[in-house]
Structure formats: structure tokens, C-alpha cells
Amino acid sequence: MTAVMPSLGGNAVTLQAVEVVRRSGGRAQVVDDDTVTAEARRLWRTGLPLEPSSAAALVAVADARVSGAIQSASLVVAVATAHGPKGM
């Protein structure tokens, strides 16, 4: 469980994510709260106010590229549906 990204821990969202991974032939990527928090703050400073659950998608892509799970020429779609001011 994560305190920083609670919207990723809900049953409906989790089941939807699992289904997308299965249908797409993709894979899940684990991210940690500290890295996601740092990325969300960096994105806010650049003018892209994303909520941590959305910033997690970008962290996951970056981590997967570093590990070689995503090749540099791969087409990647990272969906960010929650904006930073959500919950303010």
C-alpha cells in the first residue's frame, strides 16, 4: 500500500490496470513513493501539475527504460488522468 498514491490502490483501478496489461501484452512496473513524490514536484516546477498517481506513470516509463524493459525506439503511452490540484 502507498500513502502517496492512494488512487492506485483501489480495487476498480487495480483490476482495470491488470486487464490493460493482459490485453496489451505489456508489463507492470513497480515504483516507490519517494521517487514518485520527487518526480511530481519536478513536474510541478516545469508547469505540469500532476497528482502523484499520474506522475507514477512517468516514473515507471523512465525506470523501465533504464532497466532495458523499454527500448529507446519503442512507442510508449503514459496516461496521466489526475491533476495536481485534485484534492486541494
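The values are calculated or read from the model by the stated rules, or taken from the named source; none is laboratory data. Because the structure is a prediction, the values reported are computed rather than measured. A quick note on method: Cβ atoms are made from the backbone with ideal geometry, for glycine too, and the neighbour counts reach across all protein chains shown.
Would you be able to tell me the number of residues in segment 55-69 that are closer than 9 Å to Gln29 by Cβ and assigned to a loop (DSSP other than H, G, I, E, B)? Residues in segment 55-69 being closer than 9 Å to Gln29 by Cβ and assigned to a loop (DSSP other than H, G, I, E, B): 1 in total. Residue count for segment 7-59 satisfying the condition of being in contact with a strand residue (DSSP E or B) (Cβ under 8 Å, 6 or more places away or on another chain) and among the hydroxyl-bearing types (Ser, Thr, Tyr): 1.
Name the single residue, out of those in segment 32-80 being within 10 Å of the chain's Cα centre (by Cα) and of a type in the set (Ser, Thr, Tyr), that is surrounded by the fewest Cβ atoms within 10 Å (Cβ to Cβ). Per the stated criteria, the residue is Ser53.
With respect to Thr37, determine if the residue is polar (S, T, N, Q), modelled with pLDDT of 85 or more and part of a helix (DSSP H, G or I). So Thr37 passes the test.
Pairing residues of segment 50-72 that are acidic (Asp, Glu) with residues that are assigned to a helix (DSSP H, G or I), at Cβ distances under 9 Å and at least 6 apart in sequence or on separate chains, gives Glu51/Ser7; Glu51/Ala40; Asp63/Thr35.
Of the residues making up segment 1-34, those that are part of a loop (DSSP other than H, G, I, E, B), among the β-branched types (Val, Ile, Thr) and over 18 Å from Ala82 (Cβ atoms) number 1.
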